[in-house]
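S.K.: Handing you this structure, nothing more for now.
The values are calculated or read from the model by the stated rules, or taken from the named source; none is laboratory data. The model shown is predicted, which means the values in this text are computed figures rather than measured ones. No Cβ is skipped: glycine too gets one built from the backbone with ideal geometry, and neighbour counts run over all protein chains shown. Areas reflect the complete protein model, heavy atoms only, side chains present, ligands, DNA and RNA absent. Shrake-Rupley method; radii C 1.70, N 1.55, O 1.52, S 1.80 Å.
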Amino acid sequence: MAAHAERGMSAPPEVVFNTATDPDRAAAWLPEPLRQDGERRPEVVSAAQLRARWCSDSAPGWSAEIQVEAADAGGARVRLDLAGGDTDGLADETLANLAREVADNLTAG
(Lines give C-alpha, C1' and ligand atoms only; values in the text may rest on other atoms or scores of the structure.)
Protein backbone atom coordinates (compact mmCIF):
# COMPACT_ATOMS: atom_id res chain seq x y z
CA MET A 1 0.00 0.00 0.00
CA ALA A 2 1.26 3.49 -0.82
CA ALA A 3 1.16 6.56 1.38
CA HIS A 4 1.86 10.19 0.58
CA ALA A 5 2.79 13.11 2.80
CA GLU A 6 3.95 16.71 2.44
CA ARG A 7 5.66 18.94 4.95
CA GLY A 8 7.29 22.34 5.04
CA MET A 9 10.73 22.75 6.58
CA SER A 10 12.59 25.87 7.72
CA ALA A 11 15.77 25.16 5.78
CA PRO A 12 16.90 25.77 2.22
CA PRO A 13 15.89 23.02 -0.22
CA GLU A 14 19.51 22.00 -0.86
CA VAL A 15 20.12 21.49 2.88
CA VAL A 16 16.99 19.33 3.17
CA PHE A 17 17.94 17.26 0.11
CA ASN A 18 21.56 16.82 1.21
CA THR A 19 20.45 15.75 4.68
CA ALA A 20 17.91 13.29 3.26
CA THR A 21 20.43 11.70 0.88
CA ASP A 22 23.29 11.49 3.42
CA PRO A 23 23.79 7.74 4.10
CA ASP A 24 24.99 8.53 7.63
CA ARG A 25 21.61 10.09 8.45
CA ALA A 26 19.35 7.58 6.66
CA ALA A 27 18.89 5.30 9.67
CA ALA A 28 17.54 8.22 11.70
CA TRP A 29 14.65 9.05 9.39
CA LEU A 30 13.88 6.26 6.91
CA PRO A 31 11.40 3.53 7.92
CA GLU A 32 13.02 0.32 9.21
CA PRO A 33 12.57 -1.77 6.02
CA LEU A 34 14.50 0.83 4.01
CA ARG A 35 17.47 1.13 6.36
CA GLN A 36 18.38 -2.55 6.48
CA ASP A 37 20.63 -2.29 3.42
CA GLY A 38 23.37 -0.44 5.33
CA GLU A 39 25.46 2.10 3.48
CA ARG A 40 23.48 1.92 0.25
CA ARG A 41 22.99 5.35 -1.26
CA PRO A 42 19.68 6.50 -2.67
CA GLU A 43 19.14 6.75 -6.39
CA VAL A 44 19.17 10.45 -7.28
CA VAL A 45 16.35 10.58 -9.81
CA SER A 46 17.01 14.21 -10.68
CA ALA A 47 19.62 16.39 -9.01
CA ALA A 48 18.15 19.48 -10.67
CA GLN A 49 14.67 18.70 -9.31
CA LEU A 50 16.02 17.48 -5.94
CA ARG A 51 14.37 14.05 -6.31
CA ALA A 52 15.71 10.83 -4.82
CA ARG A 53 14.46 7.26 -4.37
CA TRP A 54 15.28 4.46 -1.92
CA CYS A 55 14.46 0.80 -2.51
CA SER A 56 15.21 -2.21 -0.36
CA ASP A 57 16.75 -5.47 -1.51
CA SER A 58 16.06 -7.05 1.89
CA ALA A 59 12.39 -5.93 2.06
CA PRO A 60 10.93 -6.28 -1.45
CA GLY A 61 8.13 -3.90 -2.25
CA TRP A 62 9.38 -1.15 0.05
CA SER A 63 10.37 2.16 -1.53
CA ALA A 64 10.42 5.84 -0.75
CA GLU A 65 10.75 8.81 -3.06
CA ILE A 66 11.13 12.44 -2.07
CA GLN A 67 11.02 15.67 -3.99
CA VAL A 68 12.18 18.89 -2.36
CA GLU A 69 11.07 22.28 -3.64
CA ALA A 70 11.68 25.86 -2.59
CA ALA A 71 9.05 27.43 -0.36
CA ASP A 72 8.40 30.90 1.01
CA ALA A 73 10.98 32.63 3.22
CA GLY A 74 13.87 30.43 2.11
CA GLY A 75 12.32 27.22 3.37
CA ALA A 76 11.51 23.97 1.61
CA ARG A 77 8.50 21.82 0.89
CA VAL A 78 9.07 18.05 0.86
CA ARG A 79 6.79 15.50 -0.80
CA LEU A 80 7.17 11.85 0.13
CA ASP A 81 5.74 8.80 -1.61
CA LEU A 82 6.16 5.70 0.53
CA ALA A 83 5.27 2.17 -0.57
CA GLY A 84 5.52 -1.09 1.32
CA GLY A 85 3.65 -3.02 3.95
CA ASP A 86 1.60 -1.15 6.54
CA THR A 87 2.37 2.49 5.73
CA ASP A 88 -0.67 3.92 7.53
CA GLY A 89 0.60 7.06 9.29
CA LEU A 90 4.20 6.14 8.49
CA ALA A 91 4.67 8.77 5.77
CA ASP A 92 3.92 11.64 8.17
CA GLU A 93 6.16 10.09 10.84
CA THR A 94 8.96 9.65 8.28
CA LEU A 95 8.83 13.33 7.30
CA ALA A 96 8.78 14.36 10.97
CA ASN A 97 11.94 12.28 11.47
CA LEU A 98 13.54 13.95 8.45
CA ALA A 99 12.62 17.39 9.82
CA ARG A 100 14.44 16.52 13.08
CA GLU A 101 17.51 15.42 11.12
CA VAL A 102 17.46 18.66 9.09
CA ALA A 103 17.22 20.72 12.30
CA ASP A 104 20.12 18.72 13.81
CA ASN A 105 22.14 19.22 10.64
CA LEU A 106 21.60 22.99 10.77
CA THR A 107 22.57 23.29 14.43
CA ALA A 108 25.61 21.02 14.00
CA GLY A 109 27.05 22.99 11.10
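S.K.: Does any residue of the stretch 92-107 turn out to be in contact with a Cys (Cβ under 9 Å, 6 or more places away or on another chain) and touching a residue at least 24 places away in the same chain (Cβ under 8 Å)?
M.R.: No, the stretch 92-107 has no match at all.
S.K.: One residue is enough: does the stretch 25-39 have a residue meeting the conditions part of a strand (DSSP E or B) and crowded, with 17+ Cβ neighbours inside 10 Å?
M.R.: no
S.K.: Related question: Residue by residue through the stretch 63-72, note down the ones that are open to solvent by 40 Å² or more (accessible area, probe 1.4 Å) and either touching a Gly at 6+ places or on another chain (Cβ under 7 Å) or touching a residue at least 40 places away in the same chain (Cβ under 8 Å) (or both).
M.R.: 69, 70, 71
S.K.: Against the definition (aliphatic (A, V, I, L, M), touching a Leu at 6+ places or on another chain (Cβ under 9 Å), farther than 21 Å from residue 1 by Cα and buried (at least 19 other Cβ atoms within 10 Å of the Cβ)), how does residue 78 come out, yes or no?
M.R.: For residue 78, the condition - aliphatic (A, V, I, L, M), touching a Leu at 6+ places or on another chain (Cβ under 9 Å), farther than 21 Å from residue 1 by Cα and buried (at least 19 other Cβ atoms within 10 Å of the Cβ) - is not met.
S.K.: Just one of 92, 22, 88, 104 is of a type in the set (Asp, Glu) and exposed (fewer than 13 other Cβ atoms within 10 Å of the Cβ); which is it?
M.R.: Just one listed residue meets the conditions, 88.
S.K.: Shifting gears a bit: In the list 6, 14, which residue meets the criterion of being open to solvent by 40 Å² or more (accessible area, probe 1.4 Å) and part of a strand (DSSP E or B)?
M.R.: 6
Rundown of residues vs (1) within 20 Å of residue 24 (Cα to Cα); (2) hydrophobic (A, V, I, L, M, F, W, C); (3) at pLDDT below 95; (4) not in a helix (DSSP H, G or I), yes/no style:
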| residue | (1), (2), (3), (4) |
| --- | --- |
| 60 | no, no, yes, yes |
| 73 | no, yes, yes, no |
| 86 | no, no, yes, yes |
| 98 | yes, yes, no, no |
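S.K.: Residue under question is residue 52, and the condition is that it be crowded, with 16+ Cβ neighbours inside 10 Å, in a helix (DSSP H, G or I) and either at pLDDT below 95 or not β-branched (Val, Ile, Thr) (or both); does it hold?
M.R.: no
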